[in-house]
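Note sheet for the following structure.
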Amino acid sequence: MYASREDIGYDFGGDSKVGSKPVKPNPNIDGGWAWMIVLSSFLVHILIMGSQMALGILNMEWLEEFNQSRGLTAWVSSLSMGITLIVGPFIGLFISMCGCRKTAIIGGVLNALGWILSAYASNVHYLFLTFGVTAGIGSGMVYLPAVVMVGQYFQKRRALAQGLSTTGTGFGAFLMTALLKYLCTEFGWRNAMFIQGAISLNLCVCGALMRPLSPKDVVSEKYVVRSNSEDNPAKTLSRSAETIKSNRVLSEELEKKEEATNDEVLDSVQHIEIGGKSRSGRNMYGLRILKTVSQLTVTVRKGFAIWYSSYFGAASLFTNRVFVAFIIWALFAYSSFVIPFIHLPEIVKQYNLSHQDNIFPLTSIIAIVHIFGKVILGIISDLPCISTWNVFLMANFTLVTCILTLPLMQTYVSLAVVCALIGFSSGYFSLMPVVTEDLVGIKHLANAYGIIICANGISALFGPPFAGWIYDITHKYDFSFYISGLLYMVGIIFLFIQPCIQKKQPREKSTDEAQV
């Protein structure tokens with residue numbers, strides 16, 4: 001996928017021979033070890049996203065222990081959830097240099113360290129650093145590789161694979177809530193965090209399962225994309241000509257620089273090594289160290305060059321207008337999903353529906369249906385006659401409609417129906433990596449998806465406080481849903497308009513050429 005020797009290397013360049021001859025497919029793609037990758041990603045979602053959904057248990061313990069304001073204490077959970085997503089673009093740099101497996105293992109150690117150090121917290125500000133920052137960065141270093149690896153191992157059933165792996169969030173919310181509640185009751189919150197830190201070390205095992213595909217067994221992406229588009233033209237999302245051209249330029253420039261750098265550095269080291277054969281063993285040992293350092297330097301420079309070019313170079317991802325619209329959408333989307341979880345209990349209390357909600361909470365309805373929504377939308381998107389992009393847009397339109405109509409519902413049954421629709425339509429989260437890959441290609445999936453989840457992190461970090469600020473001004477929860485829903489609709493409109501513009505541009509260009 002990236003410059004890393006560990007990861008899969010898809011060629012999006014202009015070699016016609018590669019595209020014309022089918023390459024014998026690796027049995028691990030869409031089968032075999034690919035399902036172990038899905039299992040690994042599923043466990044990552046349980047341990048990371050599920051734990052973050054259960055932080056309300058620890059938040060109550062922190063309020064009682066440190067006797068701080070609710071707003072200040074809530075920032076611990078917000079920082080952890082926000083940083084997990086916001087660091088996405090920087091995790092892409094680690095993946096470029098180290099590969100997904102090493103990045104995930106390092107992230108697992110860092111996440112466990114954050115949990116364990118938080119057990120010794122003396123105040124809330126200590127938790128900001130240990131749990132919010134340390135555990136948050138560690139979570140981000142495991143989460144992004146878990147999503148990217150599923151994209152590498154699947155081509156025909158990408159949406160279903162992503163849907164199955166991301167259902168770990170829903171299962172994790174139930175499992176981790178029950179586990180943390182039990183641990184806090186039996187051992188206290190400090191020992192509970194220490195035990196949870198030990199459990200989080202299993203993230204390293206999940207990272208070890210992310211076995212990279214060997215370059216000789218790689219299925220050519222050009223052949224896969226071409227065959228998919230021939231079998232089902234509506235299935236393949238149209239990429240802009242500008243982005244494809246920039247990707248080709250990037251790969252050619254990097255290959256030339258990499259070859260020159262490798263030849264220059266390694267040849268010089270080998271020359272020194274040959275000339276030093278007659279020297280003592282101590283000098284030979286030093287030469288081996290020098291050679292290892294030189295190779296590491298080349299790898300780091302190579303990964304950084306790809307990462308930098310993807311964001312700021314001539315081949316920047318931001319030259320793809322549809323992808324830019326996707327980023328704008330992501331800035332408003334996640335908060336619209338989080339806000340119902342925050343304000344629904346208050347709405348239930350306002351309408352005197354607490355008795356029914358205690359029997360079967362509305363937030364639980366969202367969480368349960370959300371699990372089925374991810375799987376069902378994934379299956380639908382993988383059907384030969386269905387476009388993933390259209391399914392993604394329809395799910396977004398359904399969700400924003402539910403967000404805008406939810407404050408109008410005043411009975412438990414009507415609220416339950418709307419919450420079920422919110423849970424099902426929000427299953428589009430499993431399609432986000434698939435849509436991102438269709439927009440930029442597998443080579444740039446880590447960097448591109450890092451930007452998308454960074455935008456989601458900003459939305460998750462500032463969306464709920466913004467909704468609370470609106471309530472403080474208006475003293476009504478309705479406006480929080482209306483304003484967030486309208487902003488969400490703006491993002492969806494960007495997604496709907498940009499592909500139409502992209503389709504018109506080639507036609508206009510061909511007309512001008514015909515006139516000339």
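The values are calculated or read from the model by the stated rules, or taken from the named source; none is laboratory data. Just so it is clear, the model here is predicted, and its values are computed rather than measured. Cβ: placed from backbone, ideal geometry, glycine included. Neighbour counts: every protein chain shown. Side chains included, ligands, DNA and RNA excluded: accessible areas come from the protein's heavy atoms. Shrake-Rupley method; radii C 1.70, N 1.55, O 1.52, S 1.80 Å.
Spin-label model, TRP35/MET60: points 7 Å from Cα along the beta carbon direction are separated by 4.0 nm. The reciprocal of the average 1/r between distinct C-alpha atoms defines the Kirkwood hydrodynamic radius, which for the range 28-213 equals 16.4 Å.
At a 1.4 Å probe radius, which order do LYS374, LYS181, LYS443 fall into by accessible area, largest first?
LYS181, LYS443, LYS374
Label sites at THR401 and LYS349, each approximated as a point 7 angstrom past Cα along Cα to Cβ, lie 3.2 nm apart.
If you count, for each residue, the other Cβ atoms within 10 Å and average over each peptide, how do 102-111, 34-43, 190-199 line up from highest to lowest?
The peptides rank, most packed first, as 102-111, 34-43, 190-199.
The simple spin-label model puts a point 7 Å past each Cα toward its Cβ; for THR297 and LYS181 those points are separated by 5.8 nm.
Average accessible surface for the range 310-504: 39 Å² per residue, computed with a 1.4 Å probe over protein heavy atoms with every protein chain in place.
Across the range 310-504, the volume of the C-alpha convex hull divided among the residues equals 123 Å³ per residue. Please state the shape class of the range 411-484: rounded when a/c is under 1.5, otherwise prolate if a/b exceeds b/c and oblate if not, all from the C-alpha gyration tensor. Judged from the Cα gyration tensor, the range 411-484 comes out oblate (a/c at least 1.5, b/c at or above a/b).
Between LEU408 and PHE496, full extension at 0.36 nm per residue minus the direct alpha carbon distance yields a gain of 29.0 nm. Out of VAL38, LEU85, SER51, whose Cα points farthest toward the positive end of the dipole of the range 28-213 (charges: +1 Lys, Arg; -1 Asp, Glu; placed on Cβ)? Result: VAL38. How many percent of the accessible area of the range 310-504 is carbon or sulfur, using a 1.4 Å probe? Summing carbon and sulfur atoms, their accessible area is 74 percent of the total for the range 310-504.
Summarising the amide proton neighbourhood of LEU213: residues at separation of 5 or more, or on other chains, whose placed amide H is nearer than 5 Å comprise ILE8.
Surface composition of the range 28-213: carbon and sulfur atoms hold 68% of the protein heavy-atom accessible area at a 1.4 Å probe.
Accessible-area rank, largest first, for ASP382, ASP438: ASP382, ASP438, with all protein chains present and a 1.4 angstrom probe.
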